[in-house]
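Chemist: Encoded as structure tokens, here's the structure I'll be asking about.
No value in this document is a laboratory result; all are computed from the given coordinates. Small disclaimer: the values here were computed from a predicted structure and weren't measured. All Cβ positions, even for glycine, are placed from backbone atoms using ideal geometry, and neighbour counts span all protein chains on display.
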């Protein structure tokens with residue numbers, strides 16, 4: 001096996017779903033890479049395919065509804081779609097873990113959190129009962145839950161506490177990559193900060209890479225190294241976080257940044273993006289963003305642009321990317 | 001005599017009896033909203049912020065009598081509307097409308113948009129004929145940026161943002177003076193959120209509306225509000241003008257909230273020292289367990305509202 005430079009390498013991923021109105025392409029050619037110990041944020045509005053991308057990487061798509069129709073997901077050089085059940089078990093849960101938006105529904109309501117932790121540890125790390133219990137207690141401590149809550153049930157814990165339990169479960173086998181799908185969207189702002197700070201501390205201590213899926217650009221700015229912006233199942237821009245915020249190259253990225261009210265200053269009127277995200281069944285022929293883009297011309301509406309690398313590590317899918325003076 | 005402000009809320013409370021932990025123990029009372037008071041002038045927006053469970057939505061609902069208050073007054077033009085029998089409340093209710101978080105759930109899925117918009121007119125403006133009502137519906141849809149022809153469609157045919165426009169049109173149907181907007185944009189995507197916020201501001205200017213703007217997003221509240229009240233566990237802990245509250249927050253809870261918001265631009269972050277755990281004190285300040293500035297006094301007496309600068313109030317012993 002050759003040594004993979006990227007921990008996660010998603011190449012030209014296409015995911016389609018069967019719906020009553022016929023097949024629909026939710027992810028239309030995503031390529032992204034995550035280096036070891038790196039935090040990559042995936043940003044976009046609802047329906048842009050960011051969660052579907054995460055579910056495909058984890059192999060959690062419901063096979064009756066959705067499937068990877070093209071492309072591949074390589075984890076540490078292994079093609080996850082072609083991996084045997086046994087190999088998958090070795091990777092998923094061990095080296096690759098995921099936390100979700102709603103921690104309450106991701107935990108088993110009839111088992112105590114201790115039982116859920118201990119079971120996971122015993123199954124994956126082959127520990128005996130005593131070792132697993134000790135390990136569970138140290139994990140709880142690590143995520144900031146008092147040891148006496150080991151026997152608590154999920155309904156006895158707050159949303160923030162449940163998310164901490166999910167994090168403890170996810171890191172229990174020392175994953176190399178953690179996928180966090182809107183991990184704090186359901187939480188209050190003060191709790192959100194605590195959970196994000198916890199994730200940040202853990203991933204630094206453990207050299208764990210993270211794929212952070214969010215719609216909140218503030219979260220991206222504070223906690224990610226690089227970001228990809230998605231729109232209608234495609235990447236429209238990819239950049240290191242500071243460059244993305246300083247000089248967005250795609251009109252959609254810039255419009256998103258401008259449309260958010262700023263908590264630190266007063267703006268009279270918000271520049272808004274006209275219209276709304278089109279239905280996936282009615283994907284525009286040319287650039288997906290053209291119908292809402294203030295710079296769109298005939299070419300934008302007729303021909304889909306390709307992603308172009310503008311500077312090393314920065315790519316944009318646009319016929320007329322913004323330069324820094326425009327931005 | 002000076003005319004009273006549009007809305008004066010005095011000591012508004014909502015208490016629920018908590019289920020008994022044992023039949024041997026006395027019933028305890030949960031104070032979901034506890035002694036909330038504020039004024040709102042015509043044409044102004046008051047932002048109500050706080051985390052989930054702080055009582056901000058309950059407050060909004062009690063103002064419109066969608067939820068009966070346990071005690072307190074809601075004065076509209078000086079008249080306490082909570083004390084009125086329902087029949088006499090009706091003309092006031094017309095002037096006070098609500099916009100909800102999930103416009104999909106608040107529209108009848110079997111009614112066309114026009115039917116949903118006509119309903120308040122039939123109840124409150126029965127003098128209007130059929131043609132006049134249809135005209136008003138078309139006018140309302142255009143006001144919120146939709147087309148008159150959209151009236152013939154059903155709610156599921158619209159996107160979330162369009163449905164919120166319909167929710168706003170329905171709230172406007174009876175020419176209200178006050179609209180209580182409960183998390184009107186929190187279910188919407190960023191690109192659509194700004195459209196709705198702009199629409200609400202345009203309508204405010206055009207009709208001289210007053211808003212109670214309830215939200216958990218502090219940036220959105222700053223953008224929309226003239227004054228802001230911060231709620232914590234059923235009480236207002238700080239209130240002031242937009243600039244006072246965001247420029248010089250006085251209550252430790254407000255400071256914590258503002259410091260917790262992830263910023264797009266790097267700001268100077270003062271790391272918050274973890275607060276040592278402490279037992280809850282009954283009768284003391286509700287924020288004591290999370291407060292970095294607590295003192296023995298905070299455990300003994302609940303702080304009262306103090307005016308720390310003109311029109312800037314905080315309920316904290318150390319503000």
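Chemist: With a Förster radius of 56 Å, plug the Cβ-Cβ distance of residue A:87 and residue B:18 into 1/(1 + (r/R0)^6) and report the FRET value to the nearest 0.05.
Modeler: About 0.60, to the nearest 0.05.
Chemist: With the alpha-carbon atoms as the only input, what is the per residue convex hull volume for segment A:103-259 in Å³?
Modeler: Output value, Cα hull per residue: 126 Å³.
Chemist: While we're looking at this one, here's another question. Do me a favour and compute the ellipsoid semi-axes for chain A from its Cα gyration tensor, root of five times each eigenvalue, largest one first, whole Å.
Modeler: Calculated on Cα positions only, the semi-axes equal 36, 23, 18 Å.
Chemist: Give me B:313, A:319 ranked fewest to most by other Cβ atoms within 10 Å of their Cβ, as a rough exposure proxy.
Modeler: With the fewest neighbours first, B:313, A:319 line up as A:319, B:313.
Chemist: Provide the FRET efficiency to the nearest 0.05 for the residue B:139-residue A:19 pair, computing r from the beta carbons and using R0 = 45 Å.
Modeler: Computed FRET efficiency for residue B:139 and residue A:19 comes out at 0.75.
Chemist: Looking at the P(r) of segment B:1-145, how many percent of alpha-carbon pairs lie beyond 26 Å?
Modeler: 43
Chemist: At a temperature of 20 °C and a viscosity of 1.002 mPa s, determine how fast chain B diffuses translationally according to Stokes-Einstein, using the Kirkwood radius over alpha-carbon pairs as Rh; express D in µm²/s, rounded to the nearest whole number.
Modeler: This corresponds to a translational diffusion coefficient of 101 µm²/s.
Chemist: Another one. Explain nothing, just the number: relative contact order of segment A:67-225, from Cα pairs under 8 Å at least 6 residues apart, as a whole percent.
Modeler: 26
Chemist: What is the spin-label model distance, in nm, from residue A:79 to residue A:127 if the labels are put 7 Å beyond Cα along the C-beta direction?
Modeler: 3.7
Chemist: Let me ask something additional. Express as a percent, rounded to the nearest 5, the fraction of DSSP beta bridges in chain A (both residues included) that run antiparallel.
Modeler: Once the DSSP bridges in chain A are tallied, antiparallel ones form about 65 percent.
Chemist: Same structure again: Taking beta carbons within 10 Å but only from partner chains, what does the mean come to for residues B:252-261?
Modeler: 3
Chemist: Would you mind pulling out the separation of the Cα centroids of segment B:160-205 and segment A:214-270, in Å?
Modeler: Computed from Cα coordinates, the inter-centre distance equals 24 Å.
Chemist: Sticking with this structure for a sec: For segment A:1-60 and segment A:61-94, what is the separation of their C-alpha centers, rounded to whole Å?
Modeler: Using only Cα atoms, the two centres lie 12 Å from each other.
Chemist: When the helices in chain B are scored as -39500 (n - 2.57) per DSSP H run of 4 or longer and the sum is shared across all residues, what 222 nm value do you end up with, to the nearest 500 deg cm²/dmol?
Modeler: For chain B, the value works out to -9500 deg cm²/dmol.
Chemist: Taking other Cβ within 10 Å of each residue's Cβ, how do A:119, A:45 sort, fewest first?
Modeler: Lowest to highest Cβ neighbour count: A:119, A:45.
Chemist: By counting other Cβ atoms within 10 Å of each Cβ, how are A:105, A:214 ranked from fewest to most?
Modeler: In order of increasing Cβ crowding within 10 Å: A:105, A:214.
Chemist: Ok, one more. Once the Cβ-Cβ distance between residue B:27 and residue A:147 is put in as r, and R0 is 22 Å, what FRET efficiency do you end up with, to the nearest 0.05?
Modeler: That pair, residue B:27 with residue A:147, gives E of 0.10.
Chemist: Looking at the protein assembly as shown, what % of its DSSP beta bridges pair antiparallel, to the nearest 5?
Modeler: In the protein assembly as shown, DSSP labels about 60 percent of beta bridges as antiparallel.
Chemist: Moving to a separate point now. I want to verify a result. In a Gaussian network model of chain A, Cα cutoff 10 Å, which of these has the top mean-square fluctuation: A:194, A:72, A:265?
Modeler: In this elastic network of chain A, the residue with the biggest mean-square fluctuation among A:194, A:72, A:265 is A:265.
Chemist: Averaged over its residues, how many other protein chain Cβ atoms are within 10 Å of peptide B:184-194's Cβ atoms?
Modeler: 6
Chemist: Also, quick follow-up: Starting from the Kirkwood radius over alpha-carbon pairs of segment B:183-250, derive D by Stokes-Einstein at 4 °C in a medium of 1.567 mPa s and give it in µm² s⁻¹.
Modeler: It diffuses with D of about 100 µm²/s by this estimate.
Chemist: Separate question: Any idea what the relative contact order of chain A is, in percent, if you count C-alpha pairs under 8 Å spaced at least 6 apart?
Modeler: 20 percent.
Chemist: For helix B:113-124, report the angle its Cα long axis makes with the longest principal axis of the Cα atoms of chain B; keep it between 0 and 90° and round to the nearest 10°.
Modeler: Value to nearest ten degrees: 80.
Chemist: Considering chain A as a Gaussian network with a 10 Å cut-off on Cα pairs, which listed residue, A:310, A:30, A:113, attains the greatest mean-square fluctuation?
Modeler: A:310
Chemist: Quick one: helix A:129-142 against the long Cα principal axis of chain A, what's the angle to the nearest 10°, folded into 0 to 90?
Modeler: So the helix axis and the longest Cα principal axis differ by about 50 degrees.
Chemist: Kindly provide the pair-distance distribution of segment A:153-237 built from C-alpha pairs, with 10 Å bins from 0 and whole-percent values in order of increasing distance.
Modeler: Final binned percentages: 15, 49, 29, 6, 0.
Chemist: Counting only helical runs of four or more DSSP H residues, what would the 222 nm mean residue ellipticity of chain A come to if each run contributes -39,500 (n - 2.57) and the total is spread over all its residues?
Modeler: -9500 deg cm²/dmol
Chemist: Anyone know which of A:315, A:152, A:37 comes out most mobile in the 10 Å Cα GNM of chain A?
Modeler: Its mean-square fluctuation being the largest, the pick is A:152.
Chemist: Please work out the ratio of the alpha-carbon Rg of the protein assembly as shown to 2.2 N^0.38 Å and round it to two decimals.
Modeler: The protein assembly as shown yields a ratio of 1.03.
Chemist: Moving to a separate point now. Would you kindly state how much longer the chain becomes between residue B:154 and residue B:115 on full extension, computed as 0.36 nm times their sequence separation minus their alpha carbon distance, in nm to one decimal?
Modeler: Gain on stretching residue B:154 to residue B:115: 13.1 nm.
Chemist: If you count, for every residue in A:186-193, the Cβ atoms of partner chains within 10 Å of its Cβ, what is the mean?
Modeler: Shielding by partners across A:186-193 averages 6.
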